[in-house]
Amino acid sequence: TGVQTCALRSRDSAGETSMWIALALLVAGCQVTTAPSVLSQTWVQDGDRAVEGIALVLDDGQALTTQWFTGHTTIVALGYTSCPDVCPTTLAGVATALDALAADGIVARGLFIAIDPERDTAGLSEFVRHFHPNIHGATGTPEALLQAADTLGGAFRIASGPDGPTVDHSTSVFIVDANARVAGYQLRPSDGASLASDLQQWTSAHGPAIAVHDGWVRPAIPGSRVTAAYGVLENRGLQPVTVVSVDSPLATQVELHETFTDGRMAGMRPTMVTIEQGGTAELRPGGAHFMVFDIPETAQSVPFKLTLDDGTTAWIRVPVTHP
């Protein structure tokens, strides 16, 4: 028949190697029995690895650390700002997914790791914000960028060519959950609708039991150590839950309080917040709230880890702003 049967054995963590090998074998006339499933696959579940050791700088000058990933889902892409095709298409897909997730009340943001710092540092903010206000940029030294890519499960290569540098990089996007762990990879992320669908399915199965709407943290007040956080907590779980305690990596202490009045006097007391299945509970001025100690003046949002009465935890992230 003139058709060669070939073995397909290699696969990288993001599934990209197997996909490209399958394509190459098909072009060569090989029979690849696993090709249809490989070629149609978009979501690859990861082994739940922690995002650690990343030492990059965000486009606003702040350090990108493990703490930055906590409290929300992050869609991470590798690329470079002078890329004319793949990177803009990928980021447009990420923007579509972010809007779809936001419509479902899912706290998410994008991160573009710019792997060519000599050309990427200037104008990085403008580049990423062109696609979506909630996509952030980060870059760093070549060594730090290689470490970050390896931590996520990706790779890139920059080489000298006759017409200047050539850049190769992973095209998958990497999904980091609210506990700063790599949850999985999305293949062919240029399809924003497919990316959104995969993430919506993943969050429905693995997303936080508690979501927050209309949340805000009062900016730090000069001369005071304390401020407060408010918002509407939504229970997306399958049973009633009670929030028994709260903490945050950005605060020295967080207490769950409620304000009460007794005649003409007002005071505060510790409390817990119970939320019925599918229901909500409001944190508001003059009622229940998070009392937050010593948040940095430069903080733009605060991640909170909620401990529930069944022993599980859920992360939310609340912006620092006036209502």
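The values are calculated or read from the model by the stated rules, or taken from the named source; none is laboratory data. Here the structure is a predicted model, which means the values were calculated and not measured. Here the Cβ positions follow ideal geometry from the backbone for every residue, glycine too, while neighbour counts run over all protein chains shown. With ligands, DNA and RNA removed, areas are computed over all heavy atoms of the protein, side chains included. Shrake-Rupley method; radii C 1.70, N 1.55, O 1.52, S 1.80 Å.
Considering only region 150-165, state which residues are under 17 Å from residue 176 (Cβ atoms) and loosely packed, with under 15 Cβ neighbours inside 10 Å.
The answer is 150, and nothing else.
Does residue 100 fit the bill of being touching a residue at least 60 places away in the same chain (Cβ under 8 Å), over 24 Å from residue 55 (Cα atoms) and over 12 Å from the mean Cα position of the chain (by Cα)?
On the way: touching a residue at least 60 places away in the same chain (Cβ under 8 Å): yes; over 24 Å from residue 55 (Cα atoms): yes; over 12 Å from the mean Cα position of the chain (by Cα): yes.
When the stated conditions are applied, residue 100 passes them.
Taking the options 204, 248, 190, name whichever one is within 20 Å of the chain's Cα centre (by Cα) and modelled with pLDDT of 85 or more.
Details: 204 fails: modelled with pLDDT of 85 or more; 190 fails: modelled with pLDDT of 85 or more.
On inspection, the qualifying residue turns out to be 248.
Looking at residue 147, is it open to solvent by 40 Å² or more (accessible area, probe 1.4 Å) and more than 20 Å from residue 109 (Cα to Cα)?
Values: open to solvent by 40 Å² or more (accessible area, probe 1.4 Å): yes; more than 20 Å from residue 109 (Cα to Cα): yes.
Considered against the rule, which asks whether it is open to solvent by 40 Å² or more (accessible area, probe 1.4 Å) and more than 20 Å from residue 109 (Cα to Cα), residue 147 comes out as yes.
Of all the residues that make up region 300-323, how many are farther than 11 Å from residue 218 by Cα, part of a loop (DSSP other than H, G, I, E, B) and within 21 Å of the chain's Cα centre (by Cα)? Write out each step before concluding.
Going through region 300-323, the residues farther than 11 Å from residue 218 by Cα turn out to be 303-317.
Among the residues that remain, those that are also part of a loop (DSSP other than H, G, I, E, B) are: 309-312.
Adding the requirement that they be within 21 Å of the chain's Cα centre (by Cα) leaves 312.
Of the residues in that region, 1 qualify.
Being open to solvent by 30 Å² or more (accessible area, probe 1.4 Å) and not in a loop (DSSP other than H, G, I, E, B) is the filter; apply it to region 276-299 and report the residue that is farthest from residue 238 (Cα to Cα). I'd like the intermediate steps shown before the answer.
In the first step, residues of region 276-299 are kept if they are open to solvent by 30 Å² or more (accessible area, probe 1.4 Å); the result is 276-278, 280, 282, 284-286, 291, 294, 296-298.
When the remaining residues are screened for being not in a loop (DSSP other than H, G, I, E, B), the result is 280, 282, 291.
Values: 280: 13, 282: 19, 291: 28 Å.
The qualifying residue farthest from residue 238 (Cα to Cα) is 291.
What number of residues within region 97-141 satisfy the criterion of being over 22 Å from residue 178 (Cα atoms), part of a helix (DSSP H, G or I) and open to solvent by 30 Å² or more (accessible area, probe 1.4 Å)?
9
Quick check on residue 179: is it open to solvent by 30 Å² or more (accessible area, probe 1.4 Å) and at pLDDT below 90? Walk me through it before giving the result.
Numbers: open to solvent by 30 Å² or more (accessible area, probe 1.4 Å): yes; at pLDDT below 90: yes.
In short, yes.
I'm trying to understand the selection: among the residues of region 58-91, which are open to solvent by 10 Å² or more (accessible area, probe 1.4 Å) and in a helix (DSSP H, G or I)?
Selection gives 66, 67, 68, 86, 88, 89, 90.
In region 169-183, what residues are among the small types (Gly, Ala, Ser) and under 18 Å from residue 104 (Cβ atoms)?
Filtering region 169-183 down to residues among the small types (Gly, Ala, Ser) leaves 170, 172, 178, 180, 183.
Answer for region 169-183, where residues must be among the small types (Gly, Ala, Ser) and under 18 Å from residue 104 (Cβ atoms): 178, 183.
Out of 294, 310, which single residue is at positive phi and among the acidic types (Asp, Glu)? Break it down into steps so the answer makes sense when it comes.
On the way: 310 fails: at positive phi.
Result of the check over 294, 310: 294.
Being part of a helix (DSSP H, G or I), modelled with pLDDT under 90 and of a type in the set (Val, Ile, Thr) narrows it down to one of 44, 38, 94, so name that one.
Details: 44 fails: part of a helix (DSSP H, G or I); 94 fails: modelled with pLDDT under 90.
Every option except 38 fails the conditions.
Starting from residues that are part of a strand (DSSP E or B) and either open to solvent by 60 Å² or more (accessible area, probe 1.4 Å) or over 16 Å from residue 110 (Cβ atoms) (or both), keep the ones in region 47-57 and report whichever is modelled with the highest pLDDT. Before you say what the answer is, go through the steps one by one.
The first filter runs over region 47-57 and keeps only residues part of a strand (DSSP E or B), leaving 47-50, 56-57.
From what's left, either open to solvent by 60 Å² or more (accessible area, probe 1.4 Å) or over 16 Å from residue 110 (Cβ atoms) (or both): 47-50, 57.
Details: 47: 61, 48: 68, 49: 79, 50: 86, 57: 94.
Result: 57.
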